[in-house]
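Presented below is the structure to which this report refers.
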């Protein structure tokens, strides 16, 4: 089965396998949010220091 989730930043719909750990976490804790891989990558980049 497939679980559809929406990214909270870009509103992209992503299909997750229902048996995956991430899908189970979202299903059991509805307050938990989901971010797609592109948005995670953007937020994980460190900002350059201005000096």
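What follows draws every value from the coordinates through simple rules; no lab data is involved. Because the structure is a prediction, the values reported are computed rather than measured. Positions of Cβ are backbone-derived with ideal geometry, glycine not excepted, and every protein chain shown enters the neighbour counts.
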Report whether or not residue 31 is surrounded by 14 or more Cβ atoms within 10 Å (Cβ to Cβ), free of Cβ contacts under 8 Å to residues at least 24 places away in the same chain and not in a strand (DSSP E or B). no
Return the total of residues in region 4-28 being surrounded by 11 or more Cβ atoms within 10 Å (Cβ to Cβ) and at positive phi. 0
Condition check for residue 23: touching a residue at least 12 places away in the same chain (Cβ under 8 Å) and in a helix (DSSP H, G or I): yes
